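Everything below concerns the one structure shown next.
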Amino acid sequence: MTTARAARPRRYLLCEPRHFDVRYAINPWMRVDEGVDRALALAQWRRLADTYRELGHTVETVEPVPDLPDMVFAANGALVVGGRVLGACFHATERQPEAAAFQAWFKAAGFDVHVPESVCEGEGDLVPAGRFLLAGTGFRTTLAAHQEAQELLGVPAVSLRLTDPYFYHLDTALFALDDENIAYYPGAFSPGSREVLRELFPDAVVATRDDALAFGLNSVSDGRNVVVAPQATALIEQLSAHGYVPVPVDLSELHKAGGGAKCCTQEVRSA
């Protein structure tokens, strides 16, 4: 019998891809000579925002800043747990000005913001999963930032090492399905990290490399509904078999910069 899943209303912060482009290459997905269709990116992004609203979630937006083409990837701008905000400190010079824009939004919304001392790329590498904070390192966020997050949030941080440059952020290789379980692609991780994940989440949904490369693990779950890349067909079948409701949303134009649904979505956890 398939387990009945329960959705929980969420509060999401997004940033319109008004200035989206691929002007530099800071991950293997980015090709400066490929070009982007900004109108298509905007239409896909609007479909994502509308989907969240249709599922009963609150969607807020931060104003995009000219000359910050990756600001659409709002997940990287902070981590919010229990109303506590850990800001961002970006690895790439090109993205560093984004941190101040997201900090300003949170301060205007009434939050205190802790500015990290170490490289820290928000929910890109810090994934709340029940009683743990799964914390990625290897390409962007540092181990020292994991410690900062644990001290600020009071949640045990479990450090996981990423080893495949195509999965440069933790949220490209893993996402939380609910407070009890995750989906992930083992090949993105070091051997020791794979063992840790098997120990902590023995019933996890294990994705194929093809589905991971299709940004299937850059998904957003409310505990029941999973906004997922439609190209991740095998993962979609697995999610259905586990009692989740896949909600395919195509963000293929944003894939050109190395991001999908989760990269575009910052969850504001006020309590």
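The values are calculated or read from the model by the stated rules, or taken from the named source; none is laboratory data. Note that the coordinates shown come from a computational prediction; the quantities given were computed from them, not determined experimentally. All Cβ positions, glycine included, derive from the backbone under ideal geometry; neighbour counts span all protein chains shown. Please note that ligands, DNA and RNA were not included when accessible areas were found on the heavy atoms of the full protein model with its side chains. Shrake-Rupley method; radii C 1.70, N 1.55, O 1.52, S 1.80 Å.
Springs join every pair of Cα atoms under 10 Å in this Gaussian network model of the chain, and among ASP67, ASP33, ASP250 the largest mean-square fluctuation is at ASP33. Taking all protein chains in place and a 1.4 Å probe, what share, in percent, of the accessible surface of the stretch 90-202 do carbon and sulfur account for? Within the stretch 90-202, the accessible surface is 50 percent carbon and sulfur. In this structure, GLU195 and ASP33 have a Cβ-Cβ separation that, at R0 = 41 Å, corresponds to a calculated FRET efficiency of about 0.50. At q = 0.07, 0.17 Å⁻¹ the log10 of I(q)/I(0) for the chain amounts to -0.21, -1.46, computed by Debye summation with a single uniform scatterer per C-alpha, solvent ignored. Highest-first packing order for the peptide set 129-140, 21-32 is 129-140, 21-32, based on the mean count of other beta carbon atoms within 10 Å.
Normalise the Cα radius of gyration of the stretch 80-133 by 2.2 N^0.38 Å (N = residues in it) and let me know the number. List each step's numbers first, then the result.
Values: Rg = 11.4 Å, N = 54, 2.2 N^0.38 = 10.0 Å.
Its radius of gyration relative to the 2.2 N^0.38 Å reference: 1.14.
The accessible area of SER270, taken with all protein chains in place and a 1.4 Å probe, comes to roughly 60 Å². Rolling a 1.4 Å probe over the heavy atoms of the protein chains gives the stretch 1-124 an accessible area of 47 Å² per residue. Using DSSP, restrict attention to beta bridges with both residues in the stretch 1-107 and report what percent are antiparallel, rounded to the nearest 5. Approximately 50 percent, going by the DSSP bridge assignments.
Computed with every protein chain present, the accessible area of HIS91 is close to 100 Å² [probe 1.4 Å]. Backbone phi angles across the stretch 60-65, fed through the Karplus curve with coefficients 6.51, -1.76 and 1.60 (θ = phi - 60°), yield HN-Hα couplings of 10, 10, 9, 5, x, 10 Hz in residue order; Gly and Pro are listed as x. What share of the DSSP beta bridges in the stretch 122-251 is antiparallel, in percent to the nearest 5? Given both bridge residues lie in the stretch 122-251, the antiparallel proportion sits at roughly 50 percent.
The chymotrypsin sites (Phe, Trp or Tyr not before Pro) of the stretch 77-108 include none that DSSP puts in a loop with a beta carbon having at most 10 other beta carbons within 10 Å.
Summing Lys, Arg as +1 and Asp, Glu as -1, what charge do residues with Cβ under 11 Å from the Cβ of ALA157 carry, ALA157 excluded?
That sum, taken over residues with Cβ under 11 Å, equals -3.
Please give the net charge around TRP105, taking every other residue with its beta carbon less than 9 angstrom from that of TRP105, where Lys and Arg add +1 and Asp and Glu add -1. Intermediate results must be reported in sequence, preceding the final value.
Details: positive: LYS107; negative: GLU60, GLU63.
With Lys, Arg at +1 and Asp, Glu at -1, the neighbours total -1.
Taking only alpha carbon atoms, the stretch 139-271 gives an Rg to Rh ratio of 0.94, where Rh is the Kirkwood radius.
Normalised per residue, the accessible area of the stretch 152-215 is 40 Å², obtained with a 1.4 Å probe and no contribution from ligands, DNA or RNA. Scanning residues 5 or more positions from LEU160 or on other chains, those with amide H under 5 Å from its amide H are ALA135, GLY136, THR137, with H placed 1.01 Å from N in the peptide plane. Across the stretch 74-130, C-alpha contacts under 8 Å between residues 6 or more apart give a mean separation that, scaled by the residue count, equals a relative contact order of 46 percent.
In percent, what relative contact order does the stretch 52-156 have, based on Cα pairs under 8 Å that are 6 or more apart in sequence? Let's see the in-between values first.
Details: 152 pairs, mean separation 25.5, N = 105.
For the stretch 52-156, the relative contact order is 24 percent.
A simple spin-label model places the labels of ALA92 and ARG18 2.1 nm from each other, with each point 7 Å out along Cα-to-Cβ. Of the beta bridges in the chain, as assigned by DSSP with both residues counted there, near 50 percent are antiparallel. Based on C-alpha pairs under 8 angstrom that are at least 6 apart in sequence, the chain has a relative contact order of 23 percent.
Determine the sum of side-chain charges near GLY124: Lys and Arg each +1, Asp and Glu each -1, restricted to other residues whose C-beta is under 12 angstrom from that of GLY124. Cβ neighbours under 12 Å give a net charge of -3.
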